[in-house]
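See structure below.
Only the coordinates and a few stated rules stand behind these numbers; no lab work does. For clarity, every value in this text was computed on a predicted model and none was experimentally measured. Don't worry about glycine lacking a Cβ; one is built from the backbone with ideal geometry, like all the others, and counts go over all protein chains shown.
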Amino acid sequence: MIWDKIKIKSVLPHRDPFLFIDEVIEIDGTDRVVAVTYLKEAESYFKGHFPGNPVMPGVLIIEAMAQASAILFSLDRPEVAKEHPDYYLGKVKSEFLAPAYPGDKLIVESKKVKFLDNAAITDTLVKVDDRIIAKANLIFSIKKR
Amino acid sequence: MSKNYEEEIRNMVSDILEIPVEEITPDADFFRDLKIDSLKAIEIVAAFEKKYRIIIPEQDIPKIRNLRQVVEYTAPLKKESHT
């Protein structure tokens, strides 16, 4: 582990129950990060999505990819990130290839496509056991509070 | 300046902004007239960079405010990238 939850919280404005990154396990300069999300069986969304057949909602998988991307942005633009801006998703092109279940360990990878001070584009993917379960191209804005 | 290149850029901008090609006149201001925001701006910049294999420095982006300026700015870079 390279970053623990404390370090992650120092960069991301998200908090439980909406913080989806548990660890950062790889950092390749400012080009790529790999993070981990542990899907605990007790997560509240599993109760309703779906009763008797719990799977992680796709929108939350996208949220995990977006949070990993915000971490990557903070590495590329530390002077912007230190002001603790808000991150807003603007456009998502996504593909879901397999479900994520309680107990899964999501490997969330984000690669830089283009970063500016007020906007960013990343290519992201999520794996479970080396199998890609989701891919997305994200465009998000960064706004000072 | 090649008319084909200008048309190519106009079509690209039209696709990204999802507005008719006719509205993207050479002097229509991206921000004031076409109402683009930071998300659309970065999308356009990234699309140019990918298609023409060029890098547009961040400090130059605010200076490129209409189609005419895009063509004038990117044409020399495009030429360099192919030499």
Is it true that B:ILE44 is within 14 Å of chain A (Cβ to nearest Cβ), touching an Asp or Glu at 6+ places or on another chain (Cβ under 9 Å) and among the aliphatic types (A, V, I, L, M)?
no
Restricting the range A:75-94 to residues that are without any contact (Cβ under 8 Å) to a residue 12 or more places away in the chain and under 14 Å from A:THR30 (Cβ atoms), which is surrounded by the most Cβ atoms within 10 Å (Cβ to Cβ)?
A:PRO78
Specify which of the listed residues (A:LYS47, A:LYS127) is assigned to a strand (DSSP E or B) and farther than 30 Å from B:GLU58 by Cα.
A:LYS127
Can you name every residue in the range A:30-46 that is loosely packed, with under 15 Cβ neighbours inside 10 Å and touching a Lys or Arg at 6+ places or on another chain (Cβ under 9 Å)?
A:ASP31, A:TYR38
Output for Cβ contacts, cut-off 6 Å, separation at least six or different chains, first residue touching a residue at least 40 places away in the same chain (Cβ under 8 Å) in the range A:1-12, second part of a loop (DSSP other than H, G, I, E, B), reads A:ILE8/A:ILE21
Filter result for the condition that a residue is within 14 Å of chain A (Cβ to nearest Cβ), acidic (Asp, Glu) and more than 22 Å from A:LYS93 (Cβ to Cβ), over B:ASP60, B:ASP29:
B:ASP60
Matching residues, the range A:50-94, being polar (S, T, N, Q) and part of a loop (DSSP other than H, G, I, E, B):
A:ASN53
Just to be sure, is A:ILE61 in contact (Cβ under 8 Å) with a residue 40 or more places away in the chain, crowded, with 21+ Cβ neighbours inside 10 Å and in contact with a Leu (Cβ under 9 Å, 6 or more places away or on another chain)?
yes
State which residue is surrounded by the most Cβ atoms within 10 Å (Cβ to Cβ) when the search covers only the range A:95-123 and only residues that are of a type in the set (A, V, I, L, M, F, W, C), assigned to a strand (DSSP E or B) and within 14 Å of chain B (Cβ to nearest Cβ).
A:ALA120
State which residue pairs qualify: first residue aromatic (Phe, Trp, Tyr) and inside the range A:106-130, second residue buried (at least 23 other Cβ atoms within 10 Å of the Cβ) in any location, beta carbons under 7 Å apart, and separation of 6 or more residues or different chains.
A:PHE115/A:PHE73
Top-ranked residue in the range B:5-26 [being among the aliphatic types (A, V, I, L, M) and free of Cβ contacts under 8 Å to residues at least 40 places away in the same chain; ranked as nearest to the other protein chains (Cβ to nearest Cβ)]
B:ILE16
Output the qualifying pairs, or none if there are none: Cβ atoms under 9 angstrom, residues six or more apart or on different chains, first residue in the range B:55-68 and buried (at least 19 other Cβ atoms within 10 Å of the Cβ), second residue hydroxyl-bearing (Ser, Thr, Tyr).
B:ILE56/B:TYR73; B:ILE56/B:THR74; B:ILE64/B:TYR73; B:ILE64/B:THR74; B:ASN66/B:THR25; B:LEU67/B:THR25
Any chance you could count how many residues in the range A:1-44 are part of a helix (DSSP H, G or I) and basic (Lys, Arg)?
3
